[in-house]
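Take a look at the structure below.
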Amino acid sequence: MKQEKILLYGLGASGKSSSIATLFKLRKECPNMRVIFLCTERNALSGLNWGLNHYKIKLEPNQLITCVIRNKKKKAFTNELRALTTYSKQSSAETQQNDKNSNMNKDKYLDFHNIVNGLMAFKGVDYVTKEDVSLGNIGELELEDILVIDGLTPIMLAIWEVVKGDRVGGNMADYQVVQYWLKKLTKNIIDIDASVILLAHADRVYDEISKEEKIRVGLDAGTALAGKYSGSWGDTFYAYQAPTGQRYWAGKKQGVETAVRNLPEQDKLAPDFSLYNFFKN
C-alpha cells in the first residue's frame, strides 16, 4: 500500500465520517488493509455505520478496529462548577492570569491525556467479532494500516482545557502553548509508518486582504498556525453538502483552502477514496 497522510475537513453533516466506509472498496487492490478508527467525536461511529450501510460494505474480522475515547467515570460538570465558582470571585484581569502559586487544577482536565494515552496504548474492538483488540503504540502500526482520527475539534478543546485549567479567560501566551501541543501531536501522528486520515471541522473566516469570506480548517489556535497547518499533510481537501443534499469533495474550490496531490484539483468530486489515486501502488 502507498502511504497517505490526509486531512479531510468540512462543516457538520458534510459526510466526512461516512466517506471512511469507501476505504473498504480498496480491499481487492489492498487485501491486507486494516482501518483503525479512533473516535473523539461522539457521533463518529454513527456516521461510519451509515456509510457502511449506504455502500453495502460487508466486513470480515480484523478489517475494522474501533476505539471510542471516553473519560473515566466522573460526576458531570465537576470541573465546570469549580471553574465557575472561581470565575465569579475574580476580577476581569484575574480571569486572564495564571495564579503563580497554583496549577489552576490543570491536572483535573484529563481529556487530552486520555487521547494521548489512547494513541500510546490503543485498545479497541473488532467491528465484526466484537472482541477486544490491543494494538499497542500507534507507532507500531504497519504500512497496511490506516489510522483514522475522527475528529480534531474535541482534541483542540482538550488541549485548551489542560492549558487553562480553571481559568476561564485566555491570553496570548496560551496560544503559543496550544500551538506547541497541536504541532507536536500532528508531527507524531504523521511520522508513523501507517497511513493517517484526520477528520476536522471547518471555519468561516474573513480575509482582510481579499475582503472575502473564506473557509479553512477549524483549529482555534490562532491565525498564524491556521495558514500553515494544511501544508503539513499530503492532501488537504474539503467535504461539503450541496443545497440539493448531495455530498461532495473539493480538491479546488473558490474561497476554500485546499492542497492536494492525489485528488484532482476540481470541485464536486464524489466522496469516495476508491475513485482516486489513494493507497494504491
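A few comments on the model shown:
- Qualifying residue in the stretch 147-166 (condition: in a loop (DSSP other than H, G, I, E, B), touching a residue at least 24 places away in the same chain (Cβ under 8 Å), aliphatic (A, V, I, L, M) and surrounded by 18 or more Cβ atoms within 10 Å (Cβ to Cβ)): no
- Test: residue in the stretch 209-230 that is assigned to a helix (DSSP H, G or I), modelled with pLDDT of 85 or more and on the phi < 0 side of the Ramachandran plot: yes
- Residue in the stretch 108-128 that is of a type in the set (Phe, Trp, Tyr), out of contact with any Gly (no Cβ under 8 Å at 6 or more places or on another chain), surrounded by 14 or more Cβ atoms within 10 Å (Cβ to Cβ) and part of a helix (DSSP H, G or I) present: yes
The values are calculated or read from the model by the stated rules, or taken from the named source; none is laboratory data. Please read these numbers as outputs of a predicted model, since none were measured by experiment. Neighbour counts run over all protein chains shown; Cβ positions are idealised from the backbone, glycine included.
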